[in-house]
């Protein structure tokens, strides 16, 4: 195995992207999952649908809209410019924003299902034991929904590692900035460098397999609620 | 009967804690899934001792308890021993109310061992850990040996005992118990009941105990609130409430009164105890209770017959001079229920309408109650 420097650069960039996106998604996805699991609001349906959009839309469609929105005349673009960040397309930050949205359902759904499986009782018990809302969240909800959180983090990470279309649309192909593994593989194939492509592709195949293997054996042991792998 | 009551009798001057005033309304409209329900309760209960919330299923007992706990939001007023938990716009959330709550199912935290479930409560009780109290509670409930296990490794009875211990370790000022025996089979019930009796007899905090079982109520409670369709059908001491004739909470076939008394004599030859209550005395099978020990007995209406004179030629040991105070004939006209008065106590007799007719009973008439059997309940 002999990775070129640019291969190594893309591997590290991919890992950095996936880690950042996963951390952000755990922070953003958890309250969304909580709201979706507990709410009786009529907005539950529309919000669920928006969260699930990336499951059915081609990444190029999402990427296209992000590109437009993040552009100088787009909603997001105007906001970022007025805040002094410039525009986001073809930057790492832009890639992170698009990826957070793109991997959202893979994080929200397992956590939401775990929250729903808890029911009201543990929360009521905690309340009668004088645990306030935050205390209850960290002492009861998080430990009881732990398998859901693990599933969410692993799926969110793996899914971000594996994205391609949205990266090309929003991030382009800038070495060290937006050129991730999937794009690098595409480049290798384009120039008929199958040996290099094989190494990266094989690595991703192995990685994805091991992640899923890990999840399914975890599910067998702990009965992970809410592991939904269907796309 | 309990040491607490005994103690109260020995120290009658002891100051009584302020009562619990409850005035709650909750209206749950009909939905597609559930039939509507309304709770409308205005009742004052003693600030100490065990109060049973008694009623049929669907009478609103559990909802009532959940409203007191703050798990459901009723409108109205709630004053517990002088501190306002709810009034107008003030609504103390459940986690700020100094309660202990025992659910119908044990509801232990599945991710924690029995010991950690208990620690969870101790940590949040806001009081320093009291090892003596901890040991006493473990011992009272007999769970010293199961602490390292997870809930799924415990039997149903053990789980419920750990749950009760957990509710006590939060050091509540009011202990709420929602049919803690209902989800258990007969054997488990018999396993836990002695622990509960002990707990109810020695607890220094007031207890509200929801139950649909007369047996549990008369064993455990001093006071009872009877709920029917979300409203208070009766409230008072157990002896008082169960001496009333009210088919909503006492089915006619099961009718009986509770008498609180004291052992005054033990007959070793025939293995009998004589207990005195306000209004007379009764012989029952020797209970092993010492002289002066307070006891509670239940006399079922179907075990009581009425005679106009004191008959000496009968096998019945217990004959008490009483006065007829109320006569009530059931809808079918075959059974007559007679409420009899002796001293401060009441006894209910169930007769055929025919017998009642031939005895020509009228209110105020002095007669003899012949009691065939007396059951010790406490």
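Worth a mention:
- In segment B:121-148, the residues that are on the phi > 0 side of the Ramachandran plot reach residues that are assigned to a helix (DSSP H, G or I) and buried (at least 16 other Cβ atoms within 10 Å of the Cβ) with C-beta atoms within less than 8 angstrom, at least six apart or across chains, in these pairs: B:142/B:161; B:142/B:195.
- Failed item, numbered, when residue A:130 is tested on (1) in a helix (DSSP H, G or I); (2) within 14 Å of chain B (Cβ to nearest Cβ); (3) out of contact with any strand residue (DSSP E or B) (no Cβ under 8 Å at 6 or more places or on another chain); (4) buried (at least 20 other Cβ atoms within 10 Å of the Cβ): (1)
- Of all residues in segment B:334-352, those that are over 20 Å from residue B:372 (Cα atoms) and either in contact with a helix residue (DSSP H, G or I) (Cβ under 6 Å, 6 or more places away or on another chain) or part of a strand (DSSP E or B) (or both) total 1.
- Residues of segment B:52-66 include none that is touching a helix residue (DSSP H, G or I) at 6+ places or on another chain (Cβ under 7 Å), within 14 Å of chain A (Cβ to nearest Cβ) and assigned to a helix (DSSP H, G or I).
- Conditions (1) in a loop (DSSP other than H, G, I, E, B); (2) within 14 Å of chain B (Cβ to nearest Cβ); (3) touching a residue at least 60 places away in the same chain (Cβ under 8 Å); number of the one not met by residue A:117: (1)
- Count of residues meeting criterion [surrounded by 19 or more Cβ atoms within 10 Å (Cβ to Cβ) and either within 10 Å of another protein chain (Cβ to nearest Cβ) or closer than 30 Å to residue A:181 by Cα (or both)] in segment A:133-143: 3
- The criterion of at least 3 residues that are in contact with a helix residue (DSSP H, G or I) (Cβ under 9 Å, 6 or more places away or on another chain), in the same structural domain as residue B:326 (by TED's automatic domain parsing) and within 28 Å of residue B:221 (Cα to Cα) is met by the following strands (runs of 3 or more DSSP E) wholly inside segment B:264-313: B:294-300.
- Candidates B:242, B:249: the one that is at pLDDT below 85 and either farther than 29 Å from residue B:83 by Cα or surrounded by fewer than 21 Cβ atoms within 10 Å (Cβ to Cβ) (or both) is B:249.
- Sole residue being without any contact (Cβ under 8 Å) to a residue 12 or more places away in the chain and buried (at least 19 other Cβ atoms within 10 Å of the Cβ), chosen from A:78, A:124: A:124
- Candidate set: segment B:70-85, residues that are free of Cβ contacts under 8 Å to residues at least 40 places away in the same chain and buried (at least 17 other Cβ atoms within 10 Å of the Cβ); chosen: the one farthest from the other protein chains (Cβ to nearest Cβ): B:85
- Against the criterion of being in contact with a helix residue (DSSP H, G or I) (Cβ under 6 Å, 6 or more places away or on another chain) and in the same structural domain as residue B:230 (by TED's automatic domain parsing), residue B:115 does not qualify.
- Lone qualifier among A:40, A:44 - being surrounded by 14 or more Cβ atoms within 10 Å (Cβ to Cβ) and under 30 Å from residue A:133 (Cβ atoms): A:44
- Sole exception among (1) at the interface with chain A (Cβ under 10 Å from one of its Cβ atoms); (2) over 28 Å from the mean Cα position of the chain (by Cα); (3) without any contact (Cβ under 8 Å) to a residue 24 or more places away in the chain for residue B:93, by number: (2)
- Scanning segment A:17-36 for residues that are in contact (Cβ under 8 Å) with a residue 24 or more places away in the chain and surrounded by fewer than 20 Cβ atoms within 10 Å (Cβ to Cβ) yields a total of 7.
- Conditions (1) away from chain B (no Cβ under 14 Å); (2) touching a helix residue (DSSP H, G or I) at 6+ places or on another chain (Cβ under 6 Å): number failed by residue A:109: (2)
- Residue count, segment B:16-30 (criterion: part of a strand (DSSP E or B) and surrounded by fewer than 20 Cβ atoms within 10 Å (Cβ to Cβ)): 5
- When residue A:62 is tested against (1) surrounded by fewer than 14 Cβ atoms within 10 Å (Cβ to Cβ); (2) over 27 Å from residue A:133 (Cβ atoms), just one condition goes unmet, and that condition is (1).
- Among the helices (runs of 4 or more DSSP H) confined to segment B:113-170, the ones with at least 1 residues that are modelled with pLDDT of 95 or more, over 29 Å from the mean Cα position of the chain (by Cα) and within 12 Å of another protein chain (Cβ to nearest Cβ) are located at B:114-124.
The values are calculated or read from the model by the stated rules, or taken from the named source; none is laboratory data. None of these values were measured; they are calculated from a predicted model. FYI the Cβ positions are ideal-geometry reconstructions off the backbone, even for glycines, and counts take in every protein chain you see.
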